[in-house]
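Asks: Could you have a look at this structure, given as structure tokens, before my questions?
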Amino acid sequence: MVEMIRQKGPKENPSNIDMEQIREGFKAWVSENWEPNGDLISWRTKLAMAGWACPSWPKAWYGKGLQGSTDRMVNDELFKAGAVGVASGVSMYLVAPTLLDWATDEQKQRFLLPILTGEHKWCQLFSEPEAGSDLAGLKTRAERDGDEWVINGQKVWNSGAHKADYGILLARTDQDATKHHGISYFVIPMKQDGIETRPLRQMNGHASFNEVFLTDARVHKDDLIGDVSEGWRVALSTLAHERSGVATRRPRFKDDAGQIVETARTEADEYFSTYRWYPQRAGRANLIVPEIQRTNQRANPLLRSEVSTVETLRQVAVWTTSRARDARASGKPPGAEGSVAKLNMSVTAKACHYAHTKIIGAQGMLVGTDSPRDGLIAEVLLSTPAQSIAGGTDEIQKNILAEKILGLPKEPI
């Protein structure tokens with residue numbers, strides 16, 4: 001039986017750590033090792049091997065076993081020094097935490113460092129055309145063939161799948177088991193003949209997602225994460241991290257800081273170009289007051305009420321995010337605050353959608369250079385419905401909160 005790596009032993013987070021002493025030690029290390037015109041991969045490798053890539057990670061896996069707030073301190077000091085940190089994206093905020101929780105030492109050895117350096121790009125292969133909210137109802141099959149698993153099925157809503165080197169994949173390995181117990185969790189190489197990726201065109205004009213067709217695709221037996229047919233437990237870990245970090249922040253870079261920074265900036269531009277419409281999906285609350293002012297409706301009491309509603313929801317989101325950040329910093333696993341935050345994002349997006357509609361009226365249906373904000377408001381109105389779906393639907397988040405937090409009975413099947 002594969003050993004699960006959810007640590008139960010003593011934590012490496014001593015409470016008497018002097019953060020300023022750690023900060024000064026890291027600043028000295030950066031001063032000695034940062035070479036702005038070197039190679040990005042080499043720099044990130046050096047950062048990881050010194051334990052500074054993610055100091056909250058275990059010492060055995062490129063960290064220092066420190067509290068989560070140390071990661072933010074490191075990023076702040078890297079920016080001040082004109083240096084760069086580890087790669088961004090799904091690889092870091094979904095894949096790496098899941099591997100740290102569940103992978104074997106051999107798997108961590110193969111996958112974690114290339115994630116930190118950005119050498120390997122990843123995607124998530126969970127949802128299916130008939131298994132979105134009811135993810136456990138997935139039909140993609142994995143059948144054992146010697147040292148490999150043969151995968152057949154279809155996945156959908158897969159961001160970055162066309163660029164990914166690897167995917168985290170859920171597939172059914174036991175057709176007779178109850179649906180939550182017949183699923184396995186795999187790491188699958190994406191660049192193989194058995195995988196076809198097609199972009200999906202969205203109603204807002206973007207194509208951020210893909211559908212992925214797997215026809216006799218191959219996964220080596222050593223790339224099974226966890227036990228056979230017990231992958232649902234691993235998937236829950238990934239989903240918890242997804243709800244707690246629905247979007248990864250774009251890294252900051254200083255101008256004219258050297259070749260490494262420029263390479264990292266180009267890397268970030270390419271990654272985040274896929275998500276350039278996400279601010280519109282969130283509702284663009286920052287445009288509500290300027291639009292009220294532009295249309296000379298500042299005295300409208302109904303619109304003032306809408307502004308109050310949106311700002312209240314935004315402040316609640318800030319508090320929830322702070323609570324989740326403090327929980328991570330203290331070493332706690334992702335909890336229900338992820339579902340609270342995700343649901344609040346949907347509610348806020350809907351409130352913004354309503355406010356923009358009330359402000360702009362029928363002109364919100366117009367696109368092009370002669371429309372409000374050159375069509376940006378129309379893109380907001382077309383994009384906000386996605387916020388209630390992406391990362392787990394509103395209905396799923398409500399069920400999680402009702403059952404896990406309020407102790408209500410489960411929905412009848």
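Values quoted throughout were computed directly from the atomic coordinates according to the rules given, and no laboratory measurement underlies them. Everything numeric here is computed off the predicted structure, so don't read it as measured data. Don't worry about glycine lacking a Cβ; one is built from the backbone with ideal geometry, like all the others, and counts go over all protein chains shown.
Asks: Compute a Gaussian network model of the chain, connecting alpha carbons closer than 10 Å, and tell me which residue from 183, 115, 288 fluctuates the most.
Replies: Top of the fluctuation ranking is 288.
Asks: Now for a different question. Is there a pair in 27/121; 342/398; 350/398 whose C-alpha atoms are over 18 Å apart, and which pairs would that be?
Replies: In this structure, 27/121 lie more than 18 Å apart at Cα.
Asks: For the chain, set up a Gaussian network in which alpha carbons nearer than 10 Å are linked by springs, and say which option among 56, 330, 127 fluctuates the most.
Replies: Highest fluctuation of the listed residues: 330.
Asks: Can you give the extra length, in nm with one decimal, that the chain gains between residue 20 and residue 314 once fully stretched, where that is 0.36 nm per residue apart less the Cα-Cα distance?
Replies: Taking residue 20 through residue 314 to full extension adds about 102.7 nm, to one decimal.
Asks: Taking each full run of DSSP H in the chain as one helix, which ones are at least 27 Å long along their axis (Cα atoms) and have mean Kyte-Doolittle hydropathy of at least 0.0?
Replies: Membrane-span-like by this criterion, though nothing is claimed about a membrane: 337-360.
Asks: Picking from 45, 205, 103, whose Cα lies most toward the positive end of the charge dipole for the chain (charges on Cβ: Lys, Arg +1; Asp, Glu -1)?
Replies: 205
Asks: If you don't mind, another one. Given 0.36 nm per residue, what is the gain on full extension from residue 200 to residue 254 after removing their alpha carbon distance, in nm?
Replies: On the way: separation 54, 0.36 × 54 = 19.44 nm, distance 3.48 nm.
Computed gain between residue 200 and residue 254 is 16.0 nm.
Asks: Springs between alpha-carbon pairs under 10 angstrom, Gaussian network model over the chain: which of 33, 158, 210 fluctuates most?
Replies: 33
Asks: With a 10 Å radius around each residue's Cβ, average the other Cβ atoms per peptide and rank 251-259, 275-283, 116-124, highest first.
Replies: Taking the mean over residues of other Cβ atoms within 10 Å, the ranking is 116-124, 275-283, 251-259.
Asks: If R0 is 22 Å, what FRET efficiency do you get for residue 179 and residue 406 from their C-beta distance, rounded to 0.05?
Replies: That gives a FRET efficiency of 0.35.
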